[in-house]
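FYI, it's all coordinate maths here, none of it is from the lab. Bear in mind that the values here come from a model prediction, so they are computed numbers and not experimental data. Here the Cβ positions follow ideal geometry from the backbone for every residue, glycine too, while neighbour counts run over all protein chains shown.
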Amino acid sequence: MADQGPKTPQSSDPRWFVLMMASRWPLAVVIAAWAIAVAAIQILRQPIPIGLPLNQPFPVRLVGGITVDKLSAPVSVKGEEPLSIEAVKVLPVSGDVGVPKGVAVTQPVNVKGGVSVDGSVTVGEVTAPVSVNGPEGGPVLVGTPDGELLNVTGGVKVDSVGGKINVQLRDAAKSVLPIP
C-alpha cells in the first residue's frame, strides 16, 4: 500500500457542527455590519439639527463684484472695508439715506430728499448752487488746514470771525486806481 501522508484524527463531532464552528467569526462580522447599518438608518431618518443663531443674519463674504438691479427691502451692510457702489445709470432711492462714517464718493451723486450725514464731509467740487444749513437750521462752520486756501466765488456774508482772515483780491491795483 502506498503511503497517503499523515492521518488526522477523526473527530466524533458531526460535520454540520464543525462547519458552524468554522464560520462563527465571519457570521459575527456580517451580523455586526447589519446591526450598524440598521442603527445608521434609524439615526439618519430624521434631519440633524444644527444650532444657528436665528436673531443674527447669516454671515456672507463676497469675493469679486456683485450686480444689483433693484433693492426691494432695507439693506444694512457692515464690514471692515468701505463699500464701493458703482452704477451705469441712476439708481432710484426712495426715503431718507443715512451715510455713515468712512464713505467716499468719487462720482457725482443726484440726491432728491433728505440726506443724514454722521461725521465730517470732504467736498472736492460743487458745480451747482447748494443750500447748506447746520444743526437745527443754524450756521455751518467752515475751516481749512493751515496753509490751504478756501476759494469762494460769489457773495459771502460773515457775521463773526473767530480768528485771522487773509483776503487776496485779483487785480487789486485796477480796482483801487482811477481809470486812465
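Structure notes:
- Counted residue by residue at 0.36 nm each, then reduced by the alpha carbon distance between them, the extension gain from residue 42 to residue 22 reaches 4.0 nm.
- Note on residue 152 and residue 87: the extension gain reaches 20.3 nm, defined as 0.36 nm multiplied by sequence separation minus the Cα-Cα distance.
- Annotation for residue 142 and residue 159: the two label points, set 7 Å from Cα along the Cα-Cβ direction, are 1.6 nm apart.
- Applying the Karplus relation 6.51 cos²θ - 1.76 cosθ + 1.60 with θ = phi - 60° to segment 132-139 yields 3J(HN,Hα) values of 10, 10, x, x, 6, x, x, x Hz, where x marks Gly and Pro.
- In a fully extended conformation the segment linking residue 55 and residue 168 would gain 34.7 nm over its present Cα-Cα distance, using 0.36 nm per residue.
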